Amino acid sequence: MEIPQDVAGGHYANLAVIAHTPDEFILDFALVYPQQSPLVATRVITSPRHAKALLRSLEDNIRRYEARFGEIPEPPRGDPDISN
């Protein structure tokens with residue numbers, strides 16, 4: 001896989017907002033600073049099939065991460081800084 005130079009640096013995000021239609025999932029990755037409106041850094045639009053594959057891949061990678069580094073603590077439900 002090739003990664004263009006302008007994409008290789010990536011974007012940091014500490015908030016994700018997910019919406020969907022019958023045909024696609026929209027994932028907005030945003031950066032939240034205290035007392036400021038979130039700023040969307042990246043929007044990814046994908047099919048339901050690919051969204052489900054992404055979910056499975058994330059679950060697998062989280063299991064492998066936790067096996068190596070320990071359990072990732074979950075934020076409290078309703079935390080305004082976390083998209084539940």
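Could you work out Rg/(2.2 N^0.38 Å) for the chain, with Rg from alpha carbons only? Walk me through the numbers on the way to the answer.
Working: Rg = 14.9 Å, N = 84, 2.2 N^0.38 = 11.8 Å.
Cα Rg divided by the expected 2.2 N^0.38 Å: 1.26.
For the range 4-80, state which chymotrypsin sites (Phe, Trp or Tyr not before Pro) are in a DSSP loop and have at most 10 other beta carbons lying within 10 Å of their beta carbon. Could the numbers behind the result be given before it?
Numbers: sites: Y12, F25, F29, Y65, F69; in loops: Y12.
For chymotrypsin sites (Phe, Trp or Tyr not before Pro) across the range 4-80 that sit outside H, G, I, E and B with at most 10 neighbouring Cβ atoms in 10 Å, the list reads Y12.
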*Sum of -39500 (n - 2.57) over DSSP H runs of 4+, divided by residues of the chain (222 nm, nearest 500)*: -10000 deg cm²/dmol
*Spin-label pair Q36/V17, simplified geometry with 7 Å Cα→Cβ offset, distance in nm*: 1.6
*If exposed GluC sites (Glu not before Pro) are those in a DSSP loop with at most 10 other Cβ within 10 Å, what is the longest stretch of the chain that has none?*
3-70
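Report the local net charge at P48: Lys and Arg +1, Asp and Glu -1, summed over other residues whose C-beta lies under 12 Å from its C-beta. Let's see the in-between values first.
Numbers: positive: R49, K52; negative: D23, E24.
Spelling it out: positives minus negatives among the neighbours equals 0.
Just so you know, all these numbers are worked out from the coordinates, no wet-lab data involved. Every value quoted in this text rests on a predicted model; they were computed, and no experiment measured them. Quick reminder, even Gly has a Cβ in these numbers, built from the backbone with ideal geometry, and neighbours come from all protein chains shown.
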